[in-house]
Amino acid sequence: MARVYNFSAGPSVLPEKVLKTAADEMLDYKGSGQSVMEMSHRSKVYDSIIKEAESLLREIMNIPDNYKVLFLQGGAWSQFSMIPMNLMTKSGKADYVVTGQWASKAQQEASRYGEVNIVASSKDKNFNYIPKLDPSTFTKDADYFHICINNTIYGTRYNELPDTGDVPLVGDISSCICSEPIDVTKFGLLYAGAQKNLAPAGVTIVIVREDLLGNAMDFTPTMYNYKIHADNGSMFNTPPCYTIYIMKLVLEWIKNYIVGLEKKNERNINKANILYDFLDNSKMFRGTVVKEDRSLMNVPFVTDSDELNAKFIKEAEANGFVNIKGHRSVGGMRASIYNAMPMEGVEKLVEFMRKFEEENS
Ligand SMILES: *Cc1c(COP(=O)(O)O)cnc(C)c1O
């Protein structure tokens, strides 16, 4: 069996160990005689899976007790409207920083429900940097302040969080959840679609401070009300059972094999630097993002020729490096190197790039 190195931005590579455990447990989960796909979500055996998933996430991310952890559906996209419906309910205003397509979609969706102020944007340079923020431009009575912490398409990330005072900070961490330590107490709400760094597609994680619950707009659909899900332990209706189970296995993998997020971060920094160091020294390839804002998870890069880019992508695929074509809005290539991408995958990719450069210059 030959597995490729999968650099997909999402859905993306999962730890091989997790896939093997899932395969072993497919027909008979721990003596229950059933697959996790088949069991009732109200059964005792499933209850222990979802509770364990939550407790692992709380442990790994160091989530304080006054935050609820919700496992929802609808992807990060559904959060773009769920957040304003639940939070934009006092002044009816919110601040957004536009650092890419996802941040922009979030901002556009929110503006259907209230007054949105775009504090800053990096659109002028095709989102290749994180704008410096001036607190005097923040809306004093905003209901929240939204940022996208890792910008999956453009390959940027915040190194420093804005100081929003009493205004709750809301962060999209879809493509960086559990990739590095994050101080949850700095946020009112964090959310992530799981299919980048934590699980297959199908579960959306919301971490929300309890005092922000219970003020949803009157017309908010039941399924879009955080309080309903919080009061029912993410079991108001059928949760994405199997995806939550795989997420639990991934979280166990993170805990046992990476030993907490501090170690993970060191590993992710070292892993990304293998690629960035090569890009900085290459005469053919270059990264597209300003150095200080580079993402540890998504690394876009280009050559100066569209033909060479296409040739590289084709030959990379033939050599087992797949899904490396860049997003159409940046062009060129993008290597997404999430937690589950082994160090060896990045080393081999760099080796292949070096060889390609020699052969084509
Ligand atoms: C992928 C992604 C989204 C959209 O996620 P869906 O789960 O497909 O709705 C939103 N924000 C970021 C940062 C992403 O990477």
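The values are calculated or read from the model by the stated rules, or taken from the named source; none is laboratory data. No experiment lies behind these values; they were computed from the predicted model shown. For neighbour counting, all protein chains shown are included, and Cβ atoms are generated from backbone atoms with ideal geometry for every residue, glycine included.
Data for the structure
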{"quantity": "Any hit, the range 159-170, residues being among the hydrophobic types (A, V, I, L, M, F, W, C), surrounded by fewer than 24 Cβ atoms within 10 Å (Cβ to Cβ) and within 14 Å of the ligand (Cβ to nearest atom)", "calculated": "no"}
{"quantity": "Candidate set from the range 72-96 (those that are within 15 Å of the ligand (Cβ to nearest atom) and on the phi > 0 side of the Ramachandran plot); member that is nearest to the chain's Cα centre (by Cα)", "calculated": "GLY75"}
{"quantity": "Test result for ALA2, closer than 29 Å to ASN237 by Cα, more than 16 Å from the ligand (Cβ to nearest atom) and not polar (S, T, N, Q)", "calculated": "no"}
{"quantity": "Where a residue in the range 292-306 is among the basic types (Lys, Arg) and its partner, wherever it lies, is modelled with pLDDT of 95 or more, with Cβ under 8 Å and at least six apart", "calculated": "ARG294/GLY155; ARG294/THR156; ARG294/ARG157; ARG294/ALA272; ARG294/TYR276; ARG294/GLY287"}
{"quantity": "Given (1) crowded, with 17+ Cβ neighbours inside 10 Å; (2) over 23 Å from TYR158 (Cβ atoms), index of the condition ARG334 fails", "calculated": "(2)"}
{"quantity": "Condition check for MET223: on the phi < 0 side of the Ramachandran plot, modelled with pLDDT of 95 or more and more than 16 Å from the ligand (Cβ to nearest atom)", "calculated": "no"}
{"quantity": "Count of residues meeting criterion [within 16 Å of PRO300 (Cα to Cα), without any contact (Cβ under 8 Å) to a residue 24 or more places away in the chain and either of a type in the set (Lys, Arg) or not in a helix (DSSP H, G or I) (or both)] in the range 261-284", "calculated": "0"}
{"quantity": "Lone unmet requirement of (1) within 30 Å of VAL45 (Cα to Cα); (2) surrounded by fewer than 19 Cβ atoms within 10 Å (Cβ to Cβ); (3) touching a Leu at 6+ places or on another chain (Cβ under 7 Å) for MET223", "calculated": "(3)"}
{"quantity": "Some residue of the range 242-253 being part of a loop (DSSP other than H, G, I, E, B), within 19 Å of the chain's Cα centre (by Cα) and surrounded by 15 or more Cβ atoms within 10 Å (Cβ to Cβ)", "calculated": "no"}
{"quantity": "The range 317-335 - residue that is touching a residue at least 40 places away in the same chain (Cβ under 8 Å) and polar (S, T, N, Q) and, of those, nearest to GLY100 (Cα to Cα)", "calculated": "SER329"}
{"quantity": "Leading residue by the ranking (surrounded by the most Cβ atoms within 10 Å (Cβ to Cβ)) among those in the range 184-206 that are away from the ligand (no atom under 15 Å from the Cβ) and either touching a residue at least 60 places away in the same chain (Cβ under 8 Å) or assigned to a strand (DSSP E or B) (or both)", "calculated": "GLY188"}
{"quantity": "Count of the range 98-120 residues which are in contact (Cβ under 8 Å) with a residue 40 or more places away in the chain and within 16 Å of the ligand (Cβ to nearest atom)", "calculated": "6"}
{"quantity": "Filter pass, ALA142 being surrounded by 18 or more Cβ atoms within 10 Å (Cβ to Cβ), under 30 Å from TRP253 (Cβ atoms) and small (Gly, Ala, Ser)", "calculated": "no"}
{"quantity": "Some residue of the range 64-71 being under 19 Å from PHE236 (Cα atoms) and within 16 Å of the ligand (Cβ to nearest atom)", "calculated": "yes"}
{"quantity": "Tabulated pairs, the range 226-240, first loosely packed, with under 14 Cβ neighbours inside 10 Å, second at pLDDT 95 or above, C-beta under 7 angstrom, 6+ apart or interchain", "calculated": "THR238/HIS41"}
{"quantity": "Residue among SER179, SER175 that is at pLDDT below 95, more than 21 Å from ASN86 (Cβ to Cβ) and buried (at least 21 other Cβ atoms within 10 Å of the Cβ)", "calculated": "SER179"}
{"quantity": "Residue list for the range 119-131, filter: surrounded by fewer than 16 Cβ atoms within 10 Å (Cβ to Cβ) and within 22 Å of the chain's Cα centre (by Cα)", "calculated": "LYS123, ASN126"}
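Residue by residue, here is whether (1) of a type in the set (Phe, Trp, Tyr); (2) part of a loop (DSSP other than H, G, I, E, B); (3) closer than 17 Å to MET247 by Cβ holds:
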position: ARG3; (1), (2), (3): no, yes, no
position: SER8; (1), (2), (3): no, yes, no
position: VAL18; (1), (2), (3): no, no, yes
position: THR21; (1), (2), (3): no, no, yes
position: MET26; (1), (2), (3): no, yes, yes
position: MET39; (1), (2), (3): no, yes, yes
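Residues checked against (1) closer than 26 Å to ALA103 by Cα; (2) of a type in the set (Lys, Arg):
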residue	(1), (2)
LYS186	yes, yes
PRO200	yes, no
VAL203	yes, no
LEU212	yes, no
PHE219	yes, no
TYR245	no, no
LEU251	no, no
GLU262	no, no
ASN268	yes, no
